[in-house]
1. Consider residue 11 carefully, then state whether it is modelled with pLDDT under 95 and either loosely packed, with under 15 Cβ neighbours inside 10 Å or not aromatic (Phe, Trp, Tyr) (or both).
2. Restricting attention to segment 39-63, which residues are free of Cβ contacts under 8 Å to residues at least 24 places away in the same chain and either basic (Lys, Arg) or at positive phi (or both)?
3. Determine whether segment 68-84 contains at least one residue that is under 21 Å from residue 25 (Cα atoms) and of a type in the set (A, V, I, L, M).
4. For segment 39-61, name all the residues that are of a type outside the set (Phe, Trp, Tyr), part of a strand (DSSP E or B) and surrounded by 19 or more Cβ atoms within 10 Å (Cβ to Cβ).
5. Within segment 67-111, how many residues turn out to be modelled with pLDDT under 95 and surrounded by 21 or more Cβ atoms within 10 Å (Cβ to Cβ)?
6. Hey, can you tell me all the residues within segment 126-154 that are outside any loop (DSSP other than H, G, I, E, B) and surrounded by fewer than 16 Cβ atoms within 10 Å (Cβ to Cβ)?
Amino acid sequence: MADPLAHPAVRRVQAALAAAGSSAQVIALAETARSAEDAAASIGTPLGSIVKSLVFTAGGAPMMALVAGDRRCDAAALGRALGREGKVRRADADAVRAATGFSIGGVAPVAHETPLAVAIDASLGRFKTVYAAAGHPHCVFATTLGELERLTGGTVSAEIAVAP
């Protein structure tokens, strides 16, 4: 496997973190972080400390939910949290790539192709450190709920995520 840290999408994430004044460093994992379960196992951290970057649409406009790995997104609550009208639907792979510039399995919460409205699951605050995807299925970065809020300009909501 080529060095995932050299992947253009990973370099874009690292550059965005640095430009925002974050000291977070992208780390490459020996095992995949394609799913929250895989990432938690690879890092050796609780599933809930993994940040799932999920893209949805409402009225054709994309938006992002950053949800703890042990929760699922309540799409209707996401729409309300972001003031969106209409039915909220999970974006397909092409829409995810168009909105973020990332493929599913490596969608980072930062460095998107276009600005996205972001809602953040307040339950991530249960953890001192959380881990988010960094543009490649083998790369993550460590951060905090507060830093995610600052980096994304997102709205923290206790309503957007529910236990499965």
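1. No, not satisfied.
2. Listed by number, the residues that qualify are 44, 52, 60.
3. Within segment 68-84, one or more residues are under 21 Å from residue 25 (Cα atoms) and of a type in the set (A, V, I, L, M).
4. Answer for segment 39-61, where residues must be of a type outside the set (Phe, Trp, Tyr), part of a strand (DSSP E or B) and surrounded by 19 or more Cβ atoms within 10 Å (Cβ to Cβ): 50, 51, 52, 53, 54, 55, 57, 58.
5. So the count comes out to 1.
6. As a first pass, look at segment 126-154 and keep what is outside any loop (DSSP other than H, G, I, E, B): 126, 130-133, 139-143, 145-152.
Of everything in segment 126-154, those that are outside any loop (DSSP other than H, G, I, E, B) and surrounded by fewer than 16 Cβ atoms within 10 Å (Cβ to Cβ) turn out to be 126, 146, 150.
The values are calculated or read from the model by the stated rules, or taken from the named source; none is laboratory data. Small disclaimer: the values here were computed from a predicted structure and weren't measured. Positions of Cβ are backbone-derived with ideal geometry, glycine not excepted, and every protein chain shown enters the neighbour counts.
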